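Visitor: Before anything else, here's the structure in question.
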Amino acid sequence: MSDSFDAASEDADAGRPDASAADGVDKPRRSPLRALYDWTLALAGHRRAEWALGLISFLESSVFPIPPDVMLMPMVLAARERAWRLATVCTLASVAGGLAGYGIGLFLFDTIGQPILDFYGYAEKFTRFQDSYNEYGAWIVFGAGFSPIPYKVFTIASGVTQLDILTFFLASALSRGARFFLVAGLLWRFGTPIRAFIERWLGLLTLLFFLFLFGGFLILKVLL
């Protein structure tokens, strides 16, 4: 008897229209940008997330155009207790990538370094600038490592001009560490309101970020 009643109840439920459909209300679809943001937040809990962050940080210092902040920020927001660890991963991998960029400039400029500078449109201007590069090399590397100015251009340039490698290493470590720990520290301290703000204005903030990044390339063109 009970089984018959349960079966009848299930049939009735199956035939009942969905409440949201009856109201004529469709659930809002996520934008591709929001879907990517949510995916990155979910990635923070993946067992290989730190490896991915480290790889992007390494490659960005010599060849990759997108800075690791794009991945660091949502990962810290998703797991604020790991903020300092994630900033350390970014710093160590980025400095290692910077040394790889230095090596490209020193040993592989014709085959790899020159095409990279050509790709970003700085090869000709760098040729005119390189004679005086080492005089201000430490400050140039520090500025590029901390700002949106493309750091990779100056890691390669430092190898080409044979900037003192200890000077290069210290300027890179200080600037990259200051940048990533500042980002992680702000998100660790103000994570909840910042996350709410980002999720509300995600599209606008993404646009501003890429305008800021593009501005860094323009600044570099003016400086060179």
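The values are calculated or read from the model by the stated rules, or taken from the named source; none is laboratory data. Fair warning: this is a prediction, and the values are worked out from it, not measured in the lab. Please note: Cβ atoms are built from the backbone with ideal geometry, for glycine as well, and neighbour counts cover all protein chains shown.
Visitor: Within the stretch 83-102, is there a residue that is of a type outside the set (A, V, I, L, M) and more than 17 Å from the chain's Cα centre (by Cα)?
Guide: Going through the stretch 83-102, the residues of a type outside the set (A, V, I, L, M) turn out to be 84-85, 88, 90-91, 94, 97-98, 101-102.
This time we only want the ones that are more than 17 Å from the chain's Cα centre (by Cα), so: 101-102.
Within the stretch 83-102 (the criterion being of a type outside the set (A, V, I, L, M) and more than 17 Å from the chain's Cα centre (by Cα)), the answer is yes, since at least one residue qualifies.
Visitor: Now a separate question. Would you check if there is a residue in the stretch 132-142 being at pLDDT 80 or above, surrounded by 17 or more Cβ atoms within 10 Å (Cβ to Cβ), touching a Lys or Arg at 6+ places or on another chain (Cβ under 9 Å) and within 30 Å of residue 189 (Cα to Cα)?
Guide: no
Visitor: Okay, moving on. Hand me the list of helices (runs of 4 or more DSSP H) wholly inside the stretch 21-82 holding 2 or more residues that are at pLDDT below 65 and surrounded by fewer than 20 Cβ atoms within 10 Å (Cβ to Cβ). Please lay out each step first, then the result.
Guide: Numbers: elements: 32-43, 49-60, 69-78.
The qualifying helices (runs of 4 or more DSSP H) are 32-43.
Visitor: Further question: Filter the stretch 177-215 down to the residues that are at pLDDT 80 or above and basic (Lys, Arg), then identify the one that is surrounded by the most Cβ atoms within 10 Å (Cβ to Cβ).
Guide: Of everything passing the filter in the stretch 177-215, 179 is surrounded by the most Cβ atoms within 10 Å (Cβ to Cβ).
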